[in-house]
Amino acid sequence: MDNNIRQEFPLFAKKEIVYLDSAASTQTAQPVLDAMQSYYETCRSNVHRGVYTLSVEATERYESARRAVQQFIGAASSEEIVFTRGTTESINLVMQGWAVSRLGPKDKVVVSVAEHHSNFVPWQQLAQKCGCEFICCGLTPDERIDEEAICREIEKGAKLVAVTLLANGLGVRPDVAKIIKAARAAGAVVVVDAAQAAAHGPINA
């Protein structure tokens, strides 16, 4: 890690360590800590639930953060941005709020074996709850996500595909654009876990 970047994180600025568990808990940069502290010290109040000065200021800060994330990931509108406590909660919201009411015993859900648990377990639970078929595609001989196998399952009628944009365990990037194209042609839905990829480059290209 570049020393200038290390200085942005209090832990790394104080200790000469290498931290490899960001997939579970990412260290927090000093500007983020400063923004959080400023909120608690200057405008701690409800967001979107008051018309008094503190609430208005807190709401504007919240919406400003949504606009920043919108620009960062290339979303069409800040209203598309929903903050959660993490990837697990986000994907569970998609599973509980969208998939449970739309998928049933005759449907197939496809994942890759390289998925983080956040994008694996919820779909197993969906299969148990709704009776749909849970299909786990393996890796190619060179230990990459088998996009061809996923696309074949889409052609066979899979209704939902859950795939990572960057596998946290292997560091491989599947051709998600190819998978999405095949899914759209077949009327299937794709859930992309971009949690690991977001820090490494554009995720909407």
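The values are calculated or read from the model by the stated rules, or taken from the named source; none is laboratory data. Not measured: the values here are computed from a predicted model. Here Cβ is always computed from backbone atoms with ideal geometry, including for glycine, and neighbour counts include all displayed protein chains. Note: areas computed on protein heavy atoms with side chains; ligands, DNA, RNA excluded. Shrake-Rupley method; radii C 1.70, N 1.55, O 1.52, S 1.80 Å.
The accessible-area ordering, largest first, of the residues HIS48, HIS117 stands as HIS117, HIS48, per a 1.4 angstrom probe. Each of the peptides 147-157, 51-61 was scored by the mean count of other Cβ atoms within 10 Å over its residues; in descending order, highest first, they stand as 147-157, 51-61.
Scaling the Cα radius of gyration of the stretch 1-73 by the globular reference 2.2 N^0.38 Å produces a ratio of 1.41. Dividing the C-alpha radius of gyration of the stretch 63-149 by 2.2 N^0.38 Å, with N its residue count, gives 1.31. Over all distinct alpha-carbon pairs, what is the Kirkwood Rh of the stretch 105-156 in angstrom? That comes to 11.5 Å for the stretch 105-156. With a Förster radius of 35 Å applied to the C-beta separation of VAL113 and ALA186, the computed FRET efficiency comes to 0.95. A straight Cα-to-Cα reach below 18 Å connects LYS129 with the aspartates and glutamates GLU89, ASP107, residues fewer than 8 places away in its own chain not being considered. Hydrodynamic analysis of the stretch 35-88 uses the Kirkwood radius over alpha carbon pairs. Inserted into Stokes-Einstein at 37 °C and 0.692 mPa s, it gives a translational diffusion coefficient of 271 µm²/s. Once both axes come from the Cα atoms, what is the angle between helix 30-42 and the longest principal axis of the chain, in degrees from 0 to 90, rounded to 10? Between the helix axis and the principal axis of the chain, the angle is about 60 degrees.
Of all lysines in the structure, those lying under 18 Å Cα to Cα from LYS178, and not within fewer than 8 positions of it along the same chain, are LYS156, LYS159. For the chain, the share of DSSP beta bridges that are antiparallel, to the nearest 5, is 5%. Peptides 83-96, 186-199 ranked from most to least packed by the mean count of surrounding Cβ atoms within 10 Å: 186-199, 83-96. Relative to its Kirkwood radius, the Cα radius of gyration of the stretch 87-205 gives an Rg/Rh of 0.94. The equivalent ellipsoid of the chain has semi-axes of 35, 23, 15 Å, largest first, where each one is the square root of 5 times an eigenvalue of the Cα gyration tensor. With the simple model of a label 7 Å out from the Cα in the direction of the Cβ, VAL100 to GLN128 spans 1.4 nm.
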